[in-house]
Structure formats: C-alpha cells, structure tokens
1. Enter the angle in degrees (range 0 to 90, nearest 10) between the Cα long axis of helix 217-232 and the first principal axis of the Cα atoms of the chain, meaning the one along which they spread out most.
2. Which value, in debye to the nearest 20, describes the size of the charge dipole of the range 102-334 about its Cα centre when Lys and Arg Cβ atoms bear +1, Asp and Glu Cβ atoms bear -1, and nothing else is charged?
3. Using only the alpha-carbon atoms, how far is helix 167-176 inclined from the longest principal axis of the chain? Give it as 0 to 90 degrees, nearest 10.
4. Express the C-alpha Rg of the range 197-337 as a ratio against the empirical globular expectation 2.2 N^0.38 Å, rounded to two decimals.
5. Determine, from the Cβ-Cβ distance of D319 and C201 and an R0 of 22 Å, the FRET efficiency 1/(1 + (r/R0)^6), rounded to the nearest 0.05.
6. Mind checking the full-extension length gain between A218 and T59? Use 0.36 nm per residue of separation minus the Cα-Cα distance, one decimal, nm.
7. Charges on Cβ only, +1 for Lys and Arg, -1 for Asp and Glu, centred on the Cα centroid of the range 102-334; of F227, I293, Q176, which one is farthest towards the dipole's positive end?
8. Would you calculate a helix-derived [θ] at 222 nm for the chain, using -39,500 (n - 2.57) for each DSSP H run of n ≥ 4 and dividing by the full residue count, to the nearest 500?
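Each reported figure results from applying straightforward, stated rules to the coordinates on display, with no laboratory input. Computed from a predicted structure; not experimentally measured. Cβ atoms come from the backbone with ideal geometry, glycine included; neighbour counts cover every protein chain shown.
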Amino acid sequence: MNLEEIRQEIEEFITDSAEELEQFRQKYLSKKGTLSQFFDQLRTLTADDRKEFGQKINTLKNNALQKFEQLKTEIENRCVGQTSDIDLTAPANVAQMGARHPVSVVKKQICDVFAKIGFTIAQGPEIEDDWHNFEALNFAPDHPARDMQDTFFIDTEPDIALRTHTSSIQVRIMEQNQPPIRVVCPGRVFRNETITARSHCIFHQIEGLYIDKNVSFADMKQTLLYFAQQMFGSHIRIRLRPSYFPFTEPSAEMDISCDICKGEGCVLCKKSGWVEILGCGMVDPNVLSNCGIDPNIYSGFAFGMGIERITQQLYKTKDIRLFFENDVRFLQQFAAI
C-alpha cells in the first residue's frame, strides 16, 4: 500500500463506533502502525528523497490524528446525549454555605462597638509567663488565682501557664506604649473550672483598657452604658456592684437587666432579673507603675467580659456548652448572620 492509498483511506474513514475508532488509531497512529513502518524506510533513502518522503508521512500522520480526535469528540457527545440515567429535571445539588461561629460573630460586634469610640484591637500569646499573667497585675504571691484549682500551669515550667485572662495583653501594651492608650483585647482564655451550663474551662474574653490624664470612674460608667445599649438595645439598664480585683481599685461588677426573662427570673439570671456580664474598675496605681506609667500623671479604667455570656444574652441561649460541642444543627441556625 502506497502513501496515496493510505491518504484516501484516512479521508474516507468514518464511524460511530468507539471500537472501530480504536482500531483506526492502532492501524495508523500506534508505534507498530502503518505510518510508523514508513518512517523506518527513511534510513534507506538519500538526503533529498528523505526530506520529501518524511514531509508526506508527517502530513498523513497529522491528518490521521485530526480525524481520530474529530470522531472521538463526536462519539463522546453522542454518548452523553444518549445517557439514560441522567434526570435533567432533578434539582441541582446546591452547596450549602458555612456559618461563622456565634462566638466569632459576637466578638466582632463587640469590637466594632468599641472601635466607634476610638478603641483599637490588640492581641497576645495564649501561653504566658507569671509576670504578665499575675505579678504585673498586682496579684499577691498567695492569691487564690495562682492555685492549681484555677490555673492550668505547664508542668515543665512552673512560671508558665495558659493565660487565665486577656489582661496579660494589657500589660504588654502598657509596657510598650505611653498614654493615651485605648485598646480592647479579645482572645481565648483557660481556667480549671467545672463545666456546667454557666461556665466552661475554655472560654473567650474581651478586656478593655483606657489610660489618659484625668480619666474618672464616671467615664468608665458612661462607656459601659454606651456599650450595653449598643449591644442589647436602648431599653437595657445597667447596675454596678462593688467588687474586688487585684488590678483595679475601686472595682465593680456590672450587671444588665436580663433580656431573656425580661426581669421575671430564669436559670441564666438565677431568678434575679439581672445578669452579670463584666468586671471593671479603675486601674490600680501599682499596675501602672509595674508597666512603666506614672500613676501621678495618668489614670485609667479597665474592664473584662466573657464573650459566651454576651452571646447567651443576644441569642437567648441558656447553656454555654452548646458553643463548644460543634453540633451542626445548632451552628446552622447562625448561617444567615
């Protein structure tokens, strides 16, 4: 068979069978095919004849390859159109959108509220040394918070622990900056507590710090009232109760009117109609001195709140454990947020 006969065969070949098309490929395009045998003859030709003969063979090979690809595409398209197990009337499989975790949603909302009045966001390490977690914050060496019942210490490093509050970030900010300072510090914290509907050994906090000249307790109260009403609504009331924290003096606990029971009493508010959401107070002068800030010139206030507690109030959730169980049925309720 000469090249002209092969050319005619290739041009005239047509099929709708995948098996016949594969036979065509093997006959003309495989290593043992007809065209490959013609390439073997090139060694016996002169240089001029070899060039001309080689071009003809290459042309035939390209024609055969184009014919193969063309018929292959036609057969594949025909097969798709004839597939019987595809129901074109069936609804599409729409991928479900994920949802941000409610704690992450509320954390952002809180930060946004304080950002409106000039607070910036600061972060720090979750594993802290004793100085930043306790000593700089005016914790006495025998303070109960240093006890193993409250704190997760690192066994190999007795002065290293998982941070029990994000106040350690405030210490780092004060060490590195001079007033005015206005920051909020969100983050995960760890305490060795019994897990119940109201408490967990892992939770999230946001602590705030404002230091400048002539900062007063009234400034703190007005700031926290603004926060509470921005988060929960203008109808929310607050109350401040005297308390004690090593790093603030005077100190207070802030409650808001319970938005779940509307003051009638429920499990979350312990039947009191009020829910404690944060601790606050004026920064102790010793803390300012420890961080290199002159307490005779500057004053300030600090506050700290659990994000889960705020989230419970916003979404009327009575069990804090729901935020840690990764129950998809629970989390999907926040997909539209």
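1. 40 degrees
2. On the way: 23 positive and 29 negative charges, 272 e Å.
It works out to roughly 1300 debye.
3. Computed tilt is about 90 degrees.
4. Values: Rg = 17.0 Å, N = 141, 2.2 N^0.38 = 14.4 Å.
Normalised Rg, Cα atoms only: 1.18.
5. On the way: r = 15 Å, r/R0 = 0.69.
FRET efficiency, D319 to C201: 0.90.
6. Values: separation 159, 0.36 × 159 = 57.24 nm, distance 9.19 nm.
Length gained between A218 and T59: 48.1 nm.
7. F227
8. On the way: 11 runs with 127 residues, N = 337.
Helix contribution divided over all residues of the chain: -11500 deg cm²/dmol.
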